[in-house]
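Right, one structure below, let's go through it.
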Amino acid sequence: MFEGQTAVITGGASGIGLGIGRTLGRLGATVVLADLDAGALDGRVSDLAAEGISAHGRVTDVTDVESLAALADFVEGELGGCDLLFNNAGVAVFGPFVSATVADWDFTMGVNFQGVVNGLRAFVPAMTGRGSGHIVNTASMSGLIGMENLSVYCASKFAVVGLSESLRRELAPHGIGVTVLCPMVVDTPISENSSRMRPVDLRNDVPAPDVTDNLVGGVVTVEEVADLVVGAIENNEPYVLTHAEQAPILHRRAARLAEAADRVSGR
Ligand SMILES: NC(=O)c1ccc[n+]([C@@H]2O[C@H](COP(=O)([O-])OP(=O)(O)OC[C@H]3O[C@@H](n4cnc5c(N)ncnc54)[C@H](O)[C@@H]3O)[C@@H](O)[C@H]2O)c1
């Protein structure tokens, strides 16, 4: 199914994006890793090429519309277009709501939410023109349930879930599938990368508190996540979740929402 397809992956130089790229490359796809981290990008493209994968690297800032337009021009002009789009670049900013600065909001929403919007705006018109393709937007379990000390991150990821669910309906008649990836904890260097890649004008004077102890559930590998994503594309599934521990939490949320609606209908 993936042989001869072109996959574009933002945040592809590390973690989940790189895992998806490697898995799809091994399945015969041409892979375009798009990432702000130019140094990592060079190394990871060489790694994939050494495995015999057709891999390209493009330095891209998902917060910059022009940067994504240049990526789309490259993919359309040199590779014949994008079949599989992964809006995956993301950053983690943790801490209590009262400590969150305007810079925290701008940085997090800029990459995690507006970055997804920018990726979609750059690629969806050509994909609908061709009438085929699949889009995977990376959200998080934090896009499905609110958590303490994660309000900024949760807000950005809930937005990605809502956008993805809407687009899934809207793009189905155009032959395009949409999946939203909602992992719990995955073994990646997201905390280090988020500090390192944060633009100077959006930094805080005082570093954010480390609240990662609050995170529940085991840690899965990027390879496990990539396999789940590939299966979801094959079956055009709306959601990818990564941990069995997510089920009881989501059942509780759904039950509370339904109870609230029942209270209205019982009035
Ligand atoms: N690791 C987890 O536990 C976890 C859990 C849930 C969701 N996620 C989400 O998965 C996605 C991938 O994260 P990861 O864990 O693989 O982290 P990662 O840090 O390993 O990879 C993210 C990549 O995004 C890149 N990036 C950051 N800002 C960018 C920008 N402005 N433009 C382009 N690229 C940029 C980074 O350079 C990095 O290579 C993110 O959206 C993250 O929020 C991760």
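General remarks:
- Some residue of region 85-99 being within 14 Å of the ligand (Cβ to nearest atom), assigned to a helix (DSSP H, G or I) and over 30 Å from GLU3 (Cα atoms): no
- The single residue among ASN193, ASN149 that is under 15 Å from VAL91 (Cβ atoms), touching a residue at least 60 places away in the same chain (Cβ under 8 Å) and not basic (Lys, Arg) turns out to be ASN193.
Matching residues to (1) in contact (Cβ under 8 Å) with a residue 40 or more places away in the chain; (2) more than 9 Å from the ligand (Cβ to nearest atom):
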site: ILE16; (1), (2): yes, no
site: GLY19; (1), (2): yes, no
site: GLY28; (1), (2): no, yes
site: ASP35; (1), (2): yes, no
site: LEU41; (1), (2): no, no
site: ARG44; (1), (2): no, no
site: ILE53; (1), (2): no, yes
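- Residue in region 167-180 that is assigned to a loop (DSSP other than H, G, I, E, B) and touching a helix residue (DSSP H, G or I) at 6+ places or on another chain (Cβ under 7 Å) present: no
- Scanning region 1-18 for residues being part of a helix (DSSP H, G or I) and crowded, with 24+ Cβ neighbours inside 10 Å gives a total of 3.
- Remark: THR23 falls outside the filter, which requires a residue to be near the ligand (Cβ under 10 Å from one of its atoms) and either in contact (Cβ under 8 Å) with a residue 24 or more places away in the chain or crowded, with 24+ Cβ neighbours inside 10 Å (or both).
- Residue check, SER191 within 16 Å of the ligand (Cβ to nearest atom), modelled with pLDDT of 95 or more and of a type in the set (Gly, Ala, Ser): no
- Residue among GLY143, GLY129, GLY162, GLY133 that is of a type in the set (Gly, Ala, Ser), within 14 Å of the ligand (Cβ to nearest atom) and at pLDDT 95 or above: GLY143
- Among the residues of region 28-52, just one is assigned to a loop (DSSP other than H, G, I, E, B) and farther than 21 Å from LEU84 by Cβ, namely ASP37.
The values are calculated or read from the model by the stated rules, or taken from the named source; none is laboratory data. Nothing here was measured: the structure is a model prediction, and the numbers come from that model. Cβ coordinates were reconstructed from backbone atoms using ideal geometry, including for glycine residues, and neighbour counts include every protein chain displayed.
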